[in-house]
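**Q** A single structure is presented below for examination.
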Amino acid sequence: MTRDPDTDAEAEPTSEDRDDLRPDGGAVDDVALDPWGSATVDDYRKLFEQFGIEEFDAVLPDVPDPHYLMRRGVIFGHRDYRPVAEAMREGEDFAVLSGFMPTGDPHIGHKMVFDEIIWHQQQGGEAYGLIADLEAHAARELSWAEIDEHAKSYVLSLLALGFDPEAGALYRQSDNREVQDLGFELGTKANFSELQAIYDFDGETDVSHMQSVVTQMADILYPQLDGPKPTVIPVGPDQDPHMRLARDLAARMRYFGVTEAFASFEVDGAVERTLLRQAYDALDAEAADDERVRCADAADWLRAEREALGASDGTSGEAASRDALSDARESVCEKLDAAGKEPLRPRVRFLDRNATEAAFDALIEAVDGEKRVYENHVDAFEMDRGAAEELAREVEVENGGYGFLPPSSIYHRFMTGLTGGKMSSSVPASHISLLDDPEDGYDKVKAATTGGRETAEEQREKGGKADECPVYELYAYLLSGDDDEFAKEVYDECVGGERLCGGCKEQAAELMEEFLADHQEKRAEWEERLDELDIDFDSDRKRIGGD
Ligand code: TRP
Ligand code: SF4
């Protein structure tokens, strides 16, 4: 579906309409996100609520010349894409990276990710495409011979679609020593219980599978090895658990944490900090110019406020969050009492998390204006939060740290299978491989399920259901390319009853045949030039049985 701002809103389904589309018609209460599972994500809306993925539409206006998959709502979600969009606008450094498990032939679902990498490369990003061969070996138990063959095929398609290998980098996990080393370092910040909670690992999970997780974490942070930069990882939503862990690990590697603080003591979390902010703001507003707000007074104010709101803590929320608020209030008041006459003053705090001694000293030196130095933190009274974050990163990088920015991600919808239901690599008729004979591609489209009506007459009267039609999806996701007008024309003609499925499929089938023929020609050209690439498709590894 096109989402051209000029089009009639009535005829254009919004992304919300799209969310209601479940090919199986079922409602799902809980979305399981399992990177190695076969489940489709049935309700994208739940991803926003349960996992904090944000709607892509909200950042779309900030993206210069957005890709058609973005314009058409195929890329539906993101985490923290704003810094990437900003770097793109400002002409600053940014990177794009994604990885592919070489478990079979690349298909039209992978093409979306290839295109996303290539588009970011064309927008000026440093681009990386990697073959997740260690993961395929450990998590999918593929032999090295199979892996080599598929690895080459993924690379050929990525190149055929326009990846520039001179400007960008292609690598295999197994061949990248820097990635291995980074994975090892990152592994010092993650433990088994955490992997168990995120991935459902248990006592039977083999160690190499776990190693493939830290390897992926290293892949995701690899573009930042030569310096922090916004990095986007285009993936399907099933990879989101990896993104959350990577973002956590990136933060855990940092030398310094930067927080807002009000007094010399530490508070626990955002709720306690908010209470302090409220007390400070209220008392500071009442205080005379030369009068200082004292900790003990803030404790009294918080207690008085609680009295005024009633013992229930005044909130109408769930009992659990009421209790949490009241615990936080209790804890803050105790700390304030203990601090007694100490003045309460807003400041930014740099916490020493992993800094070397030299780096901590350098930070103290670098903080401008009034500051106070404690054993494990420095408080700065004349700096705002943003400047403090920047300084912390700068000092870290100058003193030999990574200074990682949390990596960003964008998520695309999975395509519906041509036979209805999900697209599955084990059901050839449900998907189109980029290696399919063009005529077979033609036949598969001709045989596809549609959103058409029982009879031509009914179709003319009521219009087709383009939103439930895998053939329409082919037009929107692939066959229309950058041509929004064409995609919209197909959509409007379908729902308006002017387009009948026979002719529509014929047109789609021909376009698919052409696309495959052209793609395969380009693959063949690249096949001749593989020696120009710095990637090896012969894993010289010993074989072991049961592999
Ligand atoms: N786990 C991904 C998959 O199953 C492959 C992968 C490995 C990857 N490393 C990555 C994806 C880094 C994105 C970024 O397909
Ligand atoms: Fe699908 Fe085309 Fe039929 Fe509409 S006319 S339902 S888009 S095949």
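**Q** Take the residues in region 441-481 that are more than 14 Å from A429 (Cβ to Cβ), among the small types (G, A, S) and within 9 Å of ligand 2 (Cβ to nearest atom), then tell me which one is surrounded by the most Cβ atoms within 10 Å (Cβ to Cβ).
**A** G464
**Q** Evaluate the following for E493: is it surrounded by fewer than 21 Cβ atoms within 10 Å (Cβ to Cβ), touching a helix residue (DSSP H, G or I) at 6+ places or on another chain (Cβ under 9 Å) and under 23 Å from M112 (Cα atoms)?
**A** no
**Q** Continuing with the same structure: Being under 24 Å from W526 (Cβ atoms), away from ligand 2 (no atom under 16 Å from the Cβ), out of contact with any Ser or Thr (no Cβ under 9 Å at 6 or more places or on another chain) and touching a residue at least 40 places away in the same chain (Cβ under 8 Å): is that true of M101 here?
**A** no
Yes/no per residue for (1) without any contact (Cβ under 8 Å) to a residue 24 or more places away in the chain; (2) under 17 Å from E493 (Cα atoms):
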| site | (1), (2) |
| --- | --- |
| E382 | yes, no |
| Y402 | no, no |
| P407 | no, no |
| R413 | no, no |
| T419 | no, no |
| G452 | no, yes |
| E468 | no, yes |
| E473 | no, yes |
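**Q** Does any residue of region 158-167 turn out to be in a helix (DSSP H, G or I), in contact with a strand residue (DSSP E or B) (Cβ under 9 Å, 6 or more places away or on another chain) and within 20 Å of E528 (Cα to Cα)?
**A** yes
**Q** Considering each residue of region 302-357, count those that are open to solvent by 40 Å² or more (accessible area, probe 1.4 Å), of a type in the set (A, V, I, L, M, F, W, C) and modelled with pLDDT of 90 or more, and give that number.
**A** Qualifying residue count for the region: 2.
**Q** If I ask for residues that are in contact (Cβ under 8 Å) with a residue 24 or more places away in the chain, within 14 Å of ligand 2 (Cβ to nearest atom) and farther than 20 Å from T416 by Cβ, which ones from region 482-497 would you list?
**A** The answer is D492, G496, G497.
**Q** Another question, then. Using the structure shown, decide if E49 is more than 30 Å from A197 (Cα to Cα) and either modelled with pLDDT under 50 or open to solvent by 20 Å² or more (accessible area, probe 1.4 Å) (or both).
**A** In short, no.
**Q** If you check L170 against the conditions, is it in a helix (DSSP H, G or I) and within 16 Å of ligand 1 (Cβ to nearest atom)?
**A** no
**Q** Same structure, new question: Looking only at region 496-540, count how many residues are open to solvent by 90 Å² or more (accessible area, probe 1.4 Å) and outside any helix (DSSP H, G or I).
**A** Total satisfying the criteria: 5.
**Q** Here's another thing I want to ask about it. Might you check whether a residue that is in a helix (DSSP H, G or I) and open to solvent by 20 Å² or more (accessible area, probe 1.4 Å) occurs anywhere in region 223-235?
**A** Among the residues of region 223-235, not one is in a helix (DSSP H, G or I) and open to solvent by 20 Å² or more (accessible area, probe 1.4 Å), which makes the answer no.
**Q** Only one of these conditions is not met by D240: (1) open to solvent by 50 Å² or more (accessible area, probe 1.4 Å); (2) in a helix (DSSP H, G or I); (3) among the acidic types (D, E). Which number is it?
**A** D240 satisfies every listed condition except (1).
**Q** Report whether or not S193 is open to solvent by 10 Å² or more (accessible area, probe 1.4 Å), modelled with pLDDT of 95 or more, within 19 Å of K542 (Cβ to Cβ) and not assigned by TED's automatic domain parsing to the domain that holds W526.
**A** It is false that S193 is open to solvent by 10 Å² or more (accessible area, probe 1.4 Å), modelled with pLDDT of 95 or more, within 19 Å of K542 (Cβ to Cβ) and not assigned by TED's automatic domain parsing to the domain that holds W526.
**Q** Sort out which residues of region 378-414 are closer than 25 Å to I75 by Cα, open to solvent by less than 20 Å² (accessible area, probe 1.4 Å) and part of a loop (DSSP other than H, G, I, E, B), and write them in order of number. Please lay out each step first, then the result.
**A** Going through region 378-414, the residues closer than 25 Å to I75 by Cα turn out to be 405-414.
Next, from what is left, pick out any that are open to solvent by less than 20 Å² (accessible area, probe 1.4 Å): 407-413.
Result: P407, R413.
The values are calculated or read from the model by the stated rules, or taken from the named source; none is laboratory data. Note that the coordinates shown come from a computational prediction; the quantities given were computed from them, not determined experimentally. Here Cβ is always computed from backbone atoms with ideal geometry, including for glycine, and neighbour counts include all displayed protein chains. These area figures cover heavy atoms from the full protein model, side chains too; ligands, DNA and RNA do not enter into them. Shrake-Rupley method; radii C 1.70, N 1.55, O 1.52, S 1.80 Å.
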